[in-house]
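Take a look at the structure set out below.
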Amino acid sequence: MVPFHSRCPAGPAEATFGFEVAPGGALAPGQYAVEELYCDEPACDCRRALLRIVPRGKSVPVLASISYGWETPEFYERTLSGDSEAARAITCGCLDPLNQKSPIAPVALKIFQSAVAGNEFGRHLKTRYRQFRATLRTSR
Ligand SMILES: [Zn+2]
């Protein structure tokens, strides 16, 4: 998985989705951004993103790493050899196994699911995935 901006640096920063956290919760109050990473294997068509929740304007700390897919659960069920539970999880957003142990990751995931995930975000990722994948074809 490679950051979107490493291959598509012209993309405007404000196109990055995010959310605001009010004081009083488990996360420090402020603006957070959802950084997108995509798969750079030319022969692959996994149609998902790895999302990193970070304070807006910074690259660390990563509060959560989330696997997210914008296609239907049926699509991922096919690519995940019939694992319908994993397929459903990726369409809702699920924590990347390496980062599940951070105590704030589940909180960040919940906020992401309620404030960011949805049709508009799915369309955004689909567009960015195409832009990203196009750079793989032209650089070969
Ligand atoms: Zn892939």
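All of the numbers you see were taken from the coordinates with simple rules; none came from a lab. Keep in mind it's a predicted model, so treat the numbers as computed, not measured. Counting neighbours? That spans all protein chains shown, and the Cβs are built from the backbone with ideal geometry, glycine included.
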message: Could you go through the range 5-23 and let me know if any residue there is within 16 Å of the ligand (Cβ to nearest atom), touching a residue at least 12 places away in the same chain (Cβ under 8 Å), at negative phi and polar (S, T, N, Q).
response: no
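Against the condition out of contact with any Pro (no Cβ under 9 Å at 6 or more places or on another chain) and within 16 Å of the ligand (Cβ to nearest atom), how does Arg48 come out, does it pass?
yes
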field: Complete set of residues in the range 35-85 that are over 15 Å from the mean Cα position of the chain (by Cα) and either buried (at least 21 other Cβ atoms within 10 Å of the Cβ) or among the small types (Gly, Ala, Ser) (or both)
entry: Ala43, Gly57, Tyr76, Ser81, Gly82, Ser84
- line: Restricting the range 112-123 to residues that are in contact (Cβ under 8 Å) with a residue 40 or more places away in the chain and more than 13 Å from Leu51 (Cα to Cα), the one surrounded by the most Cβ atoms within 10 Å (Cβ to Cβ) turns out to be Ala115
- prompt: Ser67 versus (1) of a type in the set (Gly, Ala, Ser); (2) more than 14 Å from the ligand (Cβ to nearest atom); (3) touching a helix residue (DSSP H, G or I) at 6+ places or on another chain (Cβ under 7 Å): which is the lone unmet condition?
  reply: (2)
message: For the range 86-97: of the residues being closer than 22 Å to Ala28 by Cα and away from the ligand (no atom under 16 Å from the Cβ), which is surrounded by the most Cβ atoms within 10 Å (Cβ to Cβ)?
response: Gly93
Hey, Tyr32 among the aromatic types (Phe, Trp, Tyr) and closer than 19 Å to Thr127 by Cβ or not: no
